[in-house]
Amino acid sequence: MKKVIFVCATLLLCVLPALAQDYPKAELFLGYEYVRFNPAHEASGNQNFNMNGGGGAILYNFKPAFGIKAEFTGAGAGDMKVCSQVGSNCLTTSGNFFTYLFGPQFTYRTSRVMPFVHVLFGGAYSNVYGNIKTAGTTSLGTADFGKQAFALAAGGGIDVKASKSIAIRLGQFDYFMTRFSGRWIDTSGTGSIGNLEISNQSNFRYLAGVNFLIGGK
């Protein structure tokens, strides 16, 4: 009898750590995205755009605290007003913004709350610069108006479990850098906005929604 008790106790001690470390093997996020996009940080005036949209992300967890994320989002805005440095000579345009990002995520897991941080790298697509060019007149024919750019998102957020398989993402907050490289957009004539330097753009984004917890016990 003592041997049976000893074996059961040994098995229990081996199983408890495994149960304590249980975690979802994958996570699927779907939700809303807000982007505060800064098309030309060197220019003053009304240059920041508010964009709204949504998207999703897939996270595969290799460890309770470590996983790799793939994220795809899109946002857009209409009636974006772009003005010169003195606030005059404005033009109005619209634009969209799509991103595809990949990278590591680190999560601190409790029974209810799961804060996380991540660093994601990838690319961005936007027609904002092309639409600004179309709305004005461009004198620099050598300027690069490419719609593809490098992108980076660094930040984190917090998930709160609503059930065993569903968590609510209260907020994800990211410093969001894009690199729509070019030289200068020199829009002269009707709707002039002066010189806009295109280099790195320092943006902000916020996401919230539902996170589905897949796998695990």
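The values are calculated or read from the model by the stated rules, or taken from the named source; none is laboratory data. Bear in mind the structure is a predicted one, so any value in this text is a computation, not a measurement. Ideal geometry is used to build each Cβ from the backbone, glycine not excepted, and the neighbour counts take in all protein chains shown.
Assorted remarks:
- Put simply, of GLN85, GLN21, GLN47 the only residue that is within 23 Å of SER181 (Cβ to Cβ), touching a Pro at 6+ places or on another chain (Cβ under 7 Å) and either modelled with pLDDT of 80 or more or of a type outside the set (Lys, Arg) (or both) is GLN47.
- Residue in the stretch 111-144 that is modelled with the highest pLDDT, counting only those that are touching a strand residue (DSSP E or B) at 6+ places or on another chain (Cβ under 8 Å), under 24 Å from ASN48 (Cβ atoms) and assigned to a loop (DSSP other than H, G, I, E, B): ASN127
- Any hit, the stretch 146-155, residues being in a loop (DSSP other than H, G, I, E, B) and modelled with pLDDT under 95: yes
- Qualifying residue in the stretch 180-189 (condition: crowded, with 16+ Cβ neighbours inside 10 Å and modelled with pLDDT of 70 or more): yes
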